[in-house]
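Please read the structure below before turning to the comments.
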């Protein structure tokens, strides 16, 4: 996946960099890079996924009561 940013008329480098960062976050690249920064054992990955699903279920139950 290649992200390309073309300079708009009269746009500074800082503005282009800001647009690039927003695009990366929108595509989920920043989250993916942080996740891959350190090796995660498969058991840790499963444990994290289980915790995440439990939290989702708890939130769904709370929203049902409202």
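The values are calculated or read from the model by the stated rules, or taken from the named source; none is laboratory data. Since the structure is predicted, the reported quantities are computational estimates derived from the model, not experimental observations. Please note: Cβ atoms are built from the backbone with ideal geometry, for glycine as well, and neighbour counts cover all protein chains shown.
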Give just the number: which of (1) touching a helix residue (DSSP H, G or I) at 6+ places or on another chain (Cβ under 6 Å); (2) exposed (fewer than 11 other Cβ atoms within 10 Å of the Cβ) does residue 30 not satisfy? (2)
Single residue of 64, 14 found to be out of contact with any strand residue (DSSP E or B) (no Cβ under 6 Å at 6 or more places or on another chain) and modelled with pLDDT of 90 or more: 14
